[in-house]
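One structure is given here, and the rest of the page talks about it.
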């Protein structure tokens, strides 16, 4: 019980951040709560490094939430972000869900490759391959004429 | 490329504020819920009647007299076909500022009594990667075509590998490519763990790791299911072996695993070999060597080499080899002399 409470308090903010970034702030708290409810039921299976395991549970719940809704909740970003950040987010959102997931687990949720691989249920080697490809596609998305013209129109408006 | 991830980190949306009251309320509610009982007991209780029926059916089938065997026409040679993917990593570059390289290739192996055909370095590639998020990169080192091993005497060639085809006539059944272990017959190997251990000891001696390695090779060979199960049970009984229980590997496939301590490599210490098999068939899913402590900035439990078993099947047709690759020609290894 004490161990679970310690893990809960330690990992709650990161599970919440993961849920918010993938399902929006409205569903984030419910998904986080459900994640820890499942974790409690399966506490016997909880590994010593619990975060990747918890994010794996949260990931399944996010997917289930997406299946139940036809529209995804939009996340509000601060209006004062500079164009480079807006452009990067736009490029990211133009990628497949799988590519976004691989990139954000590292860049936004601060996981090591082995931990991110555990969340996705693949091997670390497979994860590195996916990460490499996702980075290449993100780079390509940033270089497409769509973004060049967007950049120009931003400057002139 | 590395900067791209740093830029992306800057684009992270703001993390939501944690509502401490709700967090503590949820914790109190969650911990008041019942926890799952161990799965094994539940399963046994639930499936006990089915188990009894199954045993009765099996006994009835075993005790019935066998029908006379129909005369079979002469069949083509049977081959045991293994398609595996090998991945491993090595530390390279300047020892003061190292980075990693990944070797990634497939091996197609066709094995029959007294002969084997192997296609190695299929779809093979060596790629560089930084050891940590902010670590040194191959690009920073000037993208050299060959890079020195850290702690070794060879160079590693970056880029695609060239496939090679090897046909050999061997006496009996040879285990893996690099193994000297051969069996005159696989069928005669014991299906009882202790007896199997004695049989394997006669080949590799009383060395837990070598016995375990050979048992792992047997699991991927064309042996009967009961022999495969005995090999897995044997590994579990070796000194220092650890049963990993249920594990999820390779895109959510589930299996049961076992780990044995492995000898250090020229770059890594604290290594263990983990094998995960399909609990239904006993066939292997993945075998990997992982480091049990953080080394070179790589986290503990990181695989340093891995074999994914993509296909294990008995086939009645001749091996399929690439037509444009000379048989038993020179193998262009990505590891070359300095």
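The values are calculated or read from the model by the stated rules, or taken from the named source; none is laboratory data. The shown structure was predicted, so the numbers you read here are calculated from the model rather than taken from an experiment. Counting neighbours? That spans all protein chains shown, and the Cβs are built from the backbone with ideal geometry, glycine included.
Output yes when any residue across the stretch A:73-91 is more than 11 Å from chain B (Cβ to nearest Cβ), outside any loop (DSSP other than H, G, I, E, B), under 19 Å from residue A:15 (Cβ atoms) and modelled with pLDDT under 85, and no when none is.
no
From A:151, A:133, which residue is modelled with pLDDT of 80 or more and away from every other protein chain (no Cβ under 11 Å)?
Going through A:151, A:133 in turn, just one is modelled with pLDDT of 80 or more and away from every other protein chain (no Cβ under 11 Å): A:133.
When you check residue B:186 against the structure, is it touching a helix residue (DSSP H, G or I) at 6+ places or on another chain (Cβ under 6 Å) and surrounded by 12 or more Cβ atoms within 10 Å (Cβ to Cβ), yes or no?
Here the answer is no, as residue B:186 does not meet what is asked.
Out of the stretch A:5-36, which residues are buried (at least 16 other Cβ atoms within 10 Å of the Cβ), facing chain B (nearest Cβ under 7 Å) and at pLDDT 90 or above?
A:8, A:12, A:16, A:17, A:33, A:36
Residues checked against (1) farther than 15 Å from residue B:319 by Cβ; (2) outside any strand (DSSP E or B):
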site	(1), (2)
B:93	yes, no
B:101	yes, no
B:111	no, no
B:125	yes, no
B:131	yes, yes
B:137	yes, yes
B:151	yes, yes
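Does residue B:290 fit the bill of being assigned to a strand (DSSP E or B), more than 18 Å from residue B:207 (Cα to Cα) and modelled with pLDDT of 90 or more?
Spelling it out, residue B:290 is indeed assigned to a strand (DSSP E or B), more than 18 Å from residue B:207 (Cα to Cα) and modelled with pLDDT of 90 or more.
If I go through the stretch B:293-321 residue by residue, how many of them are away from chain A (no Cβ under 14 Å) and either outside any strand (DSSP E or B) or more than 19 Å from residue B:109 (Cα to Cα) (or both)?
The number of residues fulfilling the criteria is 6.
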